[in-house]
Each structure stands twice: as C-alpha cells, then as structure tokens.
Amino acid sequence: MSHQDYVTRPRTQNKKKNPYKKKSAEVVKEKKGATKSILLILFVIISASAYGLWFLKNSSATKVPVAASSQPEVTKATTLPTPPKEKWTYVDQLENKEVDVGEYEVKQNGPYKMQCGSFKRQTQAESLKAKMAFIGIESRIQKAQGKTSLWYQVVLGPYKRKRTAEKDKHKLKNNKILGCQIWLWK
C-alpha cells in the first residue's frame, strides 16, 4: 500500500452543497447584529453605573458627617471572672507519678549472612558473583555438599546487623538480582 500525501494534494472542487448550512452573507449579518446588541448592553450598564456614582456623590445623605456620639463609649476595662476550681486531679497525679524503669537486655542474634544463589556449576556462581561486583557488592562462593552432589553458593556477609543485610538485598533487588535470603550465620 502506497503512502498518500494529504498535505500537498489539492482540495476537491465538486463538493455537494449542504442545504442546512447558512450562506456566508447571512452569517455575517447575524454576527453584526450580535455585536451591536452586546455593545448596546455594555453602554447601558456603564451609563447606569456612572449615574449611580454621580448620584451618591451629590446626595445630601452622604454629605452629613457621622456623629461622634454614635460610637459606643469604652469606660472601664472589664476584668475576667475567676476561673472555676478544677474537678480533676489528673494534673496533680502526673506531677507526682513515679515510673518504674525496668532493666532490659537487648539480644543480639549474631552475625547474618545472605545467600543469593546456589548452583550445580561453578561457572553460574561466578557469573552471579561478577554481576554483584558490577553493582558494587562483594560476594564469595562457598562449596556445600548436598545429598547427591556438590553445590556452589553465592554468599554475602557476615553482617553485624540485619538492617545492613536488608540494605544490600534492596540494592540487589533494584538491579534485578532476586531471590536473596538472609539467615543467621552458622
């Protein structure tokens, strides 16, 4: 299918006339009539507002000054009534309250490790380790003996706090390395 150029193509000359469409002369007459009526309405509004302002300026009711006696007199400063006596003793109890502070031990679960993959082939483990190195995270490969064969695990750590391990896990997840698990170091 060939492309057609609609921009440079000339318009067709044999269009049928729409019987419902008004002729251009009628449209021009209607526009002139509408603008004349709008101008007439604006003239009436402006002249009425000008007359109203002139009337207020020359009216005798607006020229009389306001009497000073119509304003209320301030004689004495009013004093506030005495506050009511409190029915509650909660405020006093808070001032005299003793709080027992217990001795608590914070348990450190110990160092954490994060495993991001376990492979049968060492080349797959080294490939994942290289991807992590490009992200800026240092990992190592551990050998683990399974029931039937030898496995190569990609491990990060040890981490003193789980929060730092989670931080690295989110960094790996943002770089599309999924499936990392955080465990206690054994």
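Quick look at the values:
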| quantity | calculated |
| --- | --- |
| Label-point separation, Ser49 to Lys171 (7 Å along Cα→Cβ), nm | 6.8 |
| Two-decimal Rg to Rh for the stretch 138-186 - Kirkwood Rh, Cα set | 1.01 |
| In the stretch 104-178, trypsin sites (Lys or Arg not before Pro) in a DSSP loop with at most 12 other beta-carbon atoms within 10 Å | Lys107, Lys120, Arg121, Lys147, Lys160, Arg161, Lys176 |
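Readers should treat all values here as calculations from the given coordinates under stated rules, not as data from a laboratory. Quantities reported herein were computed from a predicted structural model and do not represent experimental measurements. Ideal geometry is used to build each Cβ from the backbone, glycine not excepted, and the neighbour counts take in all protein chains shown.
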